[in-house]
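Structure first, then comments.
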Amino acid sequence: MEREKPLVLIWTDGSGSRAAPPRLEASRRLIKAAGATPGPLFGLAGDREFYSAILAQDLGFFTRLLDVMTSALVDNLAEQIVSDPIEEYSPVHDLCSMISTLAAQRAGRILKREIRHLDFDIEFRGSRTRVQQPLEAIVLSPAQLERKASAVAGATELSFEVNRLLQIDPGLLDREALYDRPSGLEALKAPSVTPQYEIAAAPLVASGVFKTLITYRDHIGPLVSGLVAYQSRDVRA
């Protein structure tokens, strides 16, 4: 963010599936400290509201996201978008990637040029299911690493997630990597195995913590099909 100073869009307020305190202000501080700009989509709703929209198959909820993201790309004459990856770990992360693909395609038609779509690892850093070298890999300098570590330490609202990821990868903070997303339908294909979000949530549904299991077949796939049909229109929202 320090180098590119992007416009940053954030879908959820970071409250998670169990309604923890929102983390938007911590995100806002980090974004501004890096010289980037919070965008027109900044914490639209809580994570649980996103899950409810998925379960309800509320296509309009997600087409609004697509519209705002498309407009942001067009209005800022964007050349690329960087999004969450598809890791089959979080249905919201996966939808973010898919809708980013569609927004880039739709905005590209309006601007009459390609908008590149990149992503980065979140949960499975360095162990992608697809064999792919990063488009760009950056090892932070000592000064950059110090600034990053200081910013993370100051964002106490994010400490649980940061510490969890650091346990998985102790070198999490010292490097960055961006990957090219596939284009077209390749970027939207169904998973070949049961997504991790289904496997992880199944015991919680069985024990009554959650009422319904979000699955690709019943929930994510149909939403993606509806979004593909919606974005194929050539009218700017």
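The values are calculated or read from the model by the stated rules, or taken from the named source; none is laboratory data. Because the structure is a prediction, the values reported are computed rather than measured. Neighbour counts run over all protein chains shown; Cβ positions are idealised from the backbone, glycine included.
Of note:
- Selection count, segment 1-19, where residues are part of a loop (DSSP other than H, G, I, E, B) and aromatic (Phe, Trp, Tyr): 0
This table checks each residue for (1) surrounded by 17 or more Cβ atoms within 10 Å (Cβ to Cβ); (2) over 19 Å from Ser183 (Cα atoms); (3) at pLDDT below 95.
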| position | (1), (2), (3) |
| --- | --- |
| Ile54 | yes, yes, no |
| Met98 | yes, no, no |
| Ala103 | yes, no, no |
| Ile122 | no, yes, yes |
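Results for (1) modelled with pLDDT under 95; (2) of a type in the set (Gly, Ala, Ser); (3) surrounded by 14 or more Cβ atoms within 10 Å (Cβ to Cβ); (4) closer than 26 Å to Ala26 by Cα, shown as yes or no for each residue.
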position	(1), (2), (3), (4)
Asp174	yes, no, yes, yes
Pro182	yes, no, yes, no
Glu186	yes, no, no, no
Ser192	yes, yes, no, no
Ala202	no, yes, yes, no
Ile214	no, no, yes, no
Gly226	no, yes, yes, no
Ala229	yes, yes, no, no
Val235	yes, no, no, no
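- Which listed residue is hydrophobic (A, V, I, L, M, F, W, C), assigned to a helix (DSSP H, G or I) and surrounded by fewer than 21 Cβ atoms within 10 Å (Cβ to Cβ), from Phe42, Phe61, Phe50: Phe61
- Exactly one residue out of Val209, Val205 is of a type in the set (Val, Ile, Thr), farther than 24 Å from Thr101 by Cβ and in contact with a Leu (Cβ under 7 Å, 6 or more places away or on another chain): that is Val205.
- Selection count, segment 154-172, where residues are free of Cβ contacts under 8 Å to residues at least 60 places away in the same chain and either aliphatic (A, V, I, L, M) or farther than 18 Å from Ser27 by Cβ (or both): 9
- Taking segment 176-207 as the range and being within 22 Å of Arg116 (Cα to Cα) and outside any helix (DSSP H, G or I) as the test, the residues that pass are Glu176, Ala177, Leu178, Tyr179, Asp180, Arg181, Pro182, Ser183, Lys189, Ala190.
- Hits in segment 192-237 - residues which are touching a helix residue (DSSP H, G or I) at 6+ places or on another chain (Cβ under 6 Å) and closer than 16 Å to Tyr89 by Cα: Pro195, Tyr197, Leu213, Ile214, Thr215, His219, Ile220
- Those residues of segment 138-163 which are out of contact with any helix residue (DSSP H, G or I) (no Cβ under 9 Å at 6 or more places or on another chain), modelled with pLDDT under 90 and either surrounded by 13 or more Cβ atoms within 10 Å (Cβ to Cβ) or among the hydrophobic types (A, V, I, L, M, F, W, C) (or both), in sequence order: Phe160, Glu161
- Hey, Pro22 of a type outside the set (S, T, N, Q), modelled with pLDDT under 90, assigned to a loop (DSSP other than H, G, I, E, B) and surrounded by 15 or more Cβ atoms within 10 Å (Cβ to Cβ) or not: yes
- A residue that is part of a helix (DSSP H, G or I) and without any contact (Cβ under 8 Å) to a residue 12 or more places away in the chain can be found somewhere in segment 27-37.
- Residue in segment 188-199 that is farther than 30 Å from Glu136 by Cα and either touching a His at 6+ places or on another chain (Cβ under 9 Å) or among the aliphatic types (A, V, I, L, M) (or both) present: yes
- Test: residue in segment 84-97 that is touching a residue at least 24 places away in the same chain (Cβ under 8 Å), in contact with a Pro (Cβ under 9 Å, 6 or more places away or on another chain) and within 14 Å of Ser232 (Cα to Cα): no
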